[in-house]
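The values are calculated or read from the model by the stated rules, or taken from the named source; none is laboratory data. For clarity, every value in this text was computed on a predicted model and none was experimentally measured. Neighbour counts are summed over all protein chains in view; Cβ atoms, including those assigned to glycine, are modelled from backbone coordinates with ideal geometry. Just so you know, the surface numbers come from the protein's heavy atoms only, side chains and all, with ligands and any DNA or RNA stripped out. Shrake-Rupley method; radii C 1.70, N 1.55, O 1.52, S 1.80 Å.
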2 protein chains.
Amino acid sequence: MTGIFERATAVTRRDTTDAGGRFDAMVHDGWDIGGNANGGYLLAIAGRAMAEVTGRPPLTITAHYLAPAPAGPCTVDVALVRSGRRMATATAALCQGDREVIRVLGTFAEQTTDPVDAPILVDGGPPELPDYERCEVPPPPASPDQGPMPQLNERLAVRMRPGDSGFRAGAPTGRAEMAGWFAFADERPIDAIALLLAADAFAPPIFNTELPVAWVPTLELTVHVRGVPVPGPLSCVFRSRFVVGDLVEEDGEMWDVAGNLVCQSRQLSLTPRG
Amino acid sequence: MTGIFERATAVTRRDTTDAGGRFDAMVHDGWDIGGNANGGYLLAIAGRAMAEVTGRPPLTITAHYLAPAPAGPCTVDVALVRSGRRMATATAALCQGDREVIRVLGTFAEQTTDPVDAPILVDGGPPELPDYERCEVPPPPASPDQGPMPQLNERLAVRMRPGDSGFRAGAPTGRAEMAGWFAFADERPIDAIALLLAADAFAPPIFNTELPVAWVPTLELTVHVRGVPVPGPLSCVFRSRFVVGDLVEEDGEMWDVAGNLVCQSRQLSLTPRG
């Protein structure tokens with residue numbers, strides 16, 4: 001059975017060449033922040049088309065955000081750059097009509113599962129979180145600018161570390177960090193495409209500082225897929241360390257319930273203005 | 001007077017269209033590791049061509065590495081994706097003959113210097129380093145696999161934190177970290193293009209673990225330019241936290257002598273095999 005996420009990120013190949021293809025897709029309602037589609041959701045649509053052309057899941061993928069995307073039809077043009085034995089590199093342009101929304105560059109490959117590739121160095125671990133059941137359902141935002149909309153929350157089953165959603169009620173923690181569990185409401189497994197969504201599904205960590213809770217436009221998002229999650233929700237933590245000039249970076253880590261690091265993300269965004 | 005770095009990364013525009021241009025350039029001798037050009041050096045060549053097309057310095061730029069590059073002529077094909085009031089996004093393909101060496105995606109913009117953009121959050125600081133003069137000139141590698149070649153060191157004036165080069169003599173620190181000062185031998189100022197080189201100019205931090213000191217092929221390198229350095233060497237630190245499967249990530253921070261964060265980098269590479 002196809003889950004709600006697969007349906008919302010489905011792509012249909014229209015034209016094919018040796019070097020890529022054009023896909024039709026749909027930016028669905030309900031995956032948006034104040035009317036514009038979530039950046040990780042858009043990357044998942046493009047990533048799915050690129051995975052089809054390369055025949056592999058994403059390993060490291062970067063999107064540059066060019067324009068906001070309202071719900072509606074879109075096309076994804078994928079161009080294969082290089083296809084090797086293990087890795088394949090491709091670009092994608094996701095467009096709505098004549099307007100390009102994101103440009104993507106990624107390298108795709110299956111994760112290795114060779115026993116000789118057991119972890120050699122793991123400096124850190126999952127964030128300390130209460131059990132999923134004891135974490136908080138994120139409350140609805142006070143304004144459309146304040147991160148994930150209720151509709152997105154209905155599709156996901158995110159649970160926040162107690163206190164990390166307090167900013168919505170005017171009580172930020174004072175620390176530029178957001179942590180919690182990521183899962184789908186329909187409990188579908190989390191694959192490499194879903195990790196692209198998870199990497200951008202939490203409210204910005206700087207909402208827990210004194211900065212205004214307003215739109216944080218992402219310029220660039222890079223996701224490294226580091227493993228295939230075992231079944232279960234992901235424990236996630238996002239931190240911002242440097243708000244300098246009008247730029248802020250955000251680093252994410254996503255861990256599966258077996259304690260494996262499955263994803264790292266970094267994005268560069270514009271600092272919100274009150 | 002043009003510095004050695006400008007000459008080694010010079011690009012000459014051959015063809016021009018509204019949407020980009022083709023540039024001739026040269027992968028120079030002496031910017032290599034065991035005969036293949038340093039990844040940051042290649043990114044600097046491509047970034048210079050992209051900066052010429054966009055009319056702005058790099059802000060966030062990602063390269064995917066497709067093939068090793070020996071010294072010799074190359075071309076850089078730049079395609080403008082979007083040019084806005086402040087930001088411009090472009091792609092580049094650096095090729096040697098028919099072989100594509102790197103594919104690049106970047107967004108270019110001047111740093112803001114508006115006083116309202118003074119640092120809002122700085123969580124961390126420059127690495128603790130002895131003064132430049134008290135740091136170590138990196139010794140020549142014992143094998144061509146062991147990071148920067150003497151020729152690269154002649155062009156740069158890198159100084160390592162005492163002990164961090166011990167791996168070359170079989171005495172790694174045991175911690176996946178490399179720190180030191182980055183400067184050019186001819187003392188030219190460090191601009192945004194030079195930061196692309198600095199982001200990949202140190203030996204991999206995992207050489208300070210028990211992993212083999214051998215070629216660490218970079219798959220992807222993303223550089224965020226966070227500021228314009230004041231004159232003087234940069235204090236740099238590179239760390240790897242996760243060596244999982246056959247993949248290792250490396251995070252870099254570069255700070256100017258006034259204590260400003262000027263650059264962050266992250267790369268994903270293949271774990272070296274003995």
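Remarks
- Chain A: most fluctuating residue of A:Gly227, A:Gly245, A:Gly40 per GNM, C-alpha cutoff 10 Å: A:Gly245
- Taking the charge dipole of the protein assembly as shown about its Cα centre, with +1 at Lys and Arg Cβ atoms and -1 at Asp and Glu Cβ atoms, the residue from A:Pro58, A:Thr75, B:Phe182 reaching farthest to the positive side is A:Thr75.
- GluC sites (Glu not before Pro), loop per DSSP, at most 16 other Cβ atoms within 10 Å - longest free stretch of chain A: A:1-109
- ³J(HN,Hα), Karplus 6.51/-1.76/1.60, whole Hz, each residue of segment A:235-250, x for Gly, Pro: 8, 10, 9, 10, 9, 10, 10, 9, 10, 10, x, 9, 10, 9, 9, 9
- Filtered trypsin sites (Lys or Arg not before Pro), segment B:40-134: DSSP coil and at most 14 other beta carbons within 10 Å: B:Arg85, B:Arg86
- Each of B:Thr173, B:Leu196, B:Pro217 was placed along the dipole of segment B:129-274 (beta-carbon charges, centred on the mean Cα), and the one lying farthest toward the positive end is B:Thr173.
- Spin-label model, A:Ala19 to B:Glu187: label points 7 Å out along the Cα-to-beta-carbon direction sit 4.9 nm apart.
- Cβ charges +1 (Lys, Arg) and -1 (Asp, Glu), total dipole of chain B, debye: 360
- What separates the Cα centres of segment A:16-78 and segment B:149-209 is a distance of 38 Å.
- Here the spin labels are modelled as points 7 Å beyond Cα on the Cα-Cβ line, and at A:Asp29 and A:Glu110 they lie 4.1 nm apart.
- Among A:Pro139, B:Gly124, B:Tyr41 - extreme Cα towards positive end, dipole of the protein assembly as shown, charges at beta-carbon: B:Tyr41
- Residues of chain B: accessible area per residue with a 1.4 Å probe, Å²: 38
- Gain on full extension, evaluated as 0.36 nm per residue between B:Ala67 and B:Arg82 minus their Cα-Cα distance, stands at 2.6 nm.
- The mean number of Cβ atoms from other chains found within 10 Å of a Cβ in peptide A:246-256 is 3, as a whole number.
- Contour minus Cα-Cα distance for B:Arg99 and B:Glu210 (0.36 nm per residue): 36.5 nm
- Table column - 3J(HN,Hα) (Hz), segment A:218-224, Karplus curve with 6.51, -1.76, 1.60, x for Gly and Pro: 6, 8, 8, 9, 10, 10, 9
- Helix B:39-54 and the longest principal axis of the Cα set of chain B meet at an angle near 20°.
- Choice from A:Leu221, A:Leu196, A:Leu156 with maximal GNM fluctuation in chain A (Cα, 10 Å cutoff): A:Leu156
- For A:His28, solvent-accessible area (1.4 Å; no DNA, RNA or ligand), Å²: 70
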